[in-house]
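A.B. asks: Attaching a single structure in structure tokens format; questions to follow.
The values are calculated or read from the model by the stated rules, or taken from the named source; none is laboratory data. Here the structure is a predicted model, which means the values were calculated and not measured. Positions of Cβ are generated from backbone atoms using ideal geometry, with glycine treated the same way; all protein chains shown enter the neighbour counts.
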Amino acid sequence: MFETIRKLIRRREFWIACTIFLLVGAVGTYIAIKNGVTPAILNQRFDEFLFFIRDKPLVLYLAIVLLPAFPVPVSPLLVTVGLVYMPVWGPILSFLYGFSAVVLNMSWTWWVSAYPGRRLAARILEKFDVKLEDPEDPKPRLPLMIFLRVTPGFPFFLQNILLGFLRVPFATYILVSAALTSVFNFGFIVLPRAMKDGQLGLVFLAVTVVLLGIFGMRWLRSRLPQPDDLKPAATENSE
């Protein structure tokens, strides 16, 4: 899988697509500024959105289940959960609400990526002379799965897609993924609202949980074989 990623990164089309994406973002930002969009206006629109979503928990829940399957960051959605529902439900129920939606998102994106998505990607990659490998034994892919989850900066939706392509057994995938993402889900949901309300105890708890998660993931990442070592190990085990 990492060899496939390396081949894609080396291709000119990949960098052209990245450049176009950045240019579209820059042009969109310039147009918004020229049309009078200011931080104050954005803050006002955000407050209006929070008021709108307050009585529609199902809408936000479905947004978390569906949107992070695309290039939509999950963290603002989780922050919204805390800002809107913590005063009503408290931190625990708010966390369970947001976290369960993330688990559902990881679940359905795995199934789509592992089967119809993988077949479609294989046909597309063949046009660029890149072959998508089909692992005979998915168990050796577990270290690679953990490596992707604990590597900072890797987009959440790409993690789910790649892990679906790897076809790690679903039970293992969802249990490990849920455990590794729960820490930051808790921080995104609880910390912003606790800071806004001046709840120092909750702020301390959320910061502690996130820091423990960061140090724990750094330790776990240091214990894993590096990506270059994973592929030979998997080949050797499959023999």
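A.B. asks: Hey, can you tell me all the residues within region 183-220 that are under 17 Å from TRP89 (Cβ atoms) and without any contact (Cβ under 8 Å) to a residue 24 or more places away in the chain?
C.D. replies: Scanning region 183-220 gives GLN199, LEU205, ALA206.
A.B. asks: Also: Wholly within region 136-203, which helices (runs of 4 or more DSSP H) include no fewer than the required count, namely at least 1 residues that are among the basic types (Lys, Arg)?
C.D. replies: 142-150, 170-197
A.B. asks: Residues to consider are PRO68, PRO73, PRO116; find the one that is within 12 Å of the chain's Cα centre (by Cα) and closer than 24 Å to ARG167 by Cβ.
C.D. replies: Exactly one residue qualifies, and that residue is PRO68.
A.B. asks: While we're here: Identify the single condition in (1) at pLDDT 80 or above; (2) under 30 Å from LEU144 (Cβ atoms); (3) of a type in the set (A, V, I, L, M, F, W, C); (4) assigned to a helix (DSSP H, G or I) that CYS18 does not satisfy, given that it satisfies every other one.
C.D. replies: (1) is the only condition that CYS18 fails.
A.B. asks: Next question. Inside region 149-164, can you point out the residues that are farther than 10 Å from TRP110 by Cβ and modelled with pLDDT of 80 or more? Even if it seems obvious, please write down each step before you answer.
C.D. replies: Quick first cut of region 149-164, residues farther than 10 Å from TRP110 by Cβ only: 149-159, 162.
If the condition is that a residue be farther than 10 Å from TRP110 by Cβ and modelled with pLDDT of 80 or more, then ARG149, PRO155, PHE156, PHE157, LEU158, GLN159, LEU162 are the ones that fit.
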